[in-house]
Amino acid sequence: MSRPRTPRVVVTVAVGAALLAGCAEGKASAAPELPASTCFGAFTPTELAPLMGTGEKVQVDGPADVRLSAGRKSAICNIYVDGKTRFFASAERLPHGQHFFWAPAVDEQKPEPLAFAENSKLWDSGAAIFLSCNGPTGAFELKLWLDGSTEQIKQEERRPLFAGLMKKYLDIAREQTGCDA
């Protein structure tokens with residue numbers, strides 16, 4: 001039996017009109033222009049702009065939504081600028097009661113818990129949540145993950161940025177997956 005296919009949305013956008021000064025060669029660098037809605041319809045260009053840096057070409061690769069089910073267990077979205085990953089979002093639906101263990105690499109980042117989610121971690125370049133859900137067709141576990149390129153963001157702004165992105169992503173993922181519906 002074949003698995004149902006979820007259409008993927010791949011959007012490539014050329015450089016936007018906004019210019020940022022400061023290139024080493026004296027040239028102006030353009031901030032790439034993002035589509036109006038990205039990564040499962042969860043984020044706006046303004047919310048993701050700090051992670052994009054500069055570049056000429058943006059590509060968003062991911063499904064239009066994060067509606068997970070027994071037949072569609074995961075969804076991944078990547079945003080590339082000039083071929084480099086600048087932002088990554090994923091969601092995975094797991095069987096009810098499946099345990100989740102944090103990767104040692106996450107603990108090396110000196111994470112802290114998110115104030116709005118019990119089983120969560122927040123670090124300088126991302127955030128993750130593992131939660132139990134009661135859906136319309138039964139209970140399941142949901143793993144949400146965000147990661148991004150932060151070299152152009154001040155150290156003290158990184159964790160607040162990812163905490164805000166994860167709060168919005170959690171709300172949208174709960175709605176789209178039927179978590180606690």
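Within the range 92-108, is even one residue within 13 Å of the chain's Cα centre (by Cα), in a strand (DSSP E or B) and closer than 25 Å to residue 48 by Cα? Yes, there is a match, as at least one residue in the range 92-108 is within 13 Å of the chain's Cα centre (by Cα), in a strand (DSSP E or B) and closer than 25 Å to residue 48 by Cα.
Can you confirm whether residue 86 is in a strand (DSSP E or B), crowded, with 20+ Cβ neighbours inside 10 Å, under 14 Å from the mean Cα position of the chain (by Cα) and not hydrophobic (A, V, I, L, M, F, W, C)? Here the answer is yes, as residue 86 does meet what is asked.
Of note, residue 156 satisfies the criterion of being out of contact with any Phe, Trp or Tyr (no Cβ under 6 Å at 6 or more places or on another chain), more than 20 Å from residue 180 (Cβ to Cβ) and of a type in the set (Asp, Glu). Taken over the range 123-165, the residue count meeting the criterion of being surrounded by 12 or more Cβ atoms within 10 Å (Cβ to Cβ) and either without any contact (Cβ under 8 Å) to a residue 40 or more places away in the chain or within 13 Å of the chain's Cα centre (by Cα) (or both) is 22.
Could we say that residue 10 is at pLDDT below 90 and in a strand (DSSP E or B) here? Let's see the steps before the verdict.
Numbers: at pLDDT below 90: yes; in a strand (DSSP E or B): yes.
Yes, satisfied.
The values are calculated or read from the model by the stated rules, or taken from the named source; none is laboratory data. If you're wondering where the values come from, they're calculated on a predicted model, not measured in any experiment. We place every Cβ from the backbone using ideal geometry, glycine too, and count neighbours over all the protein chains shown.
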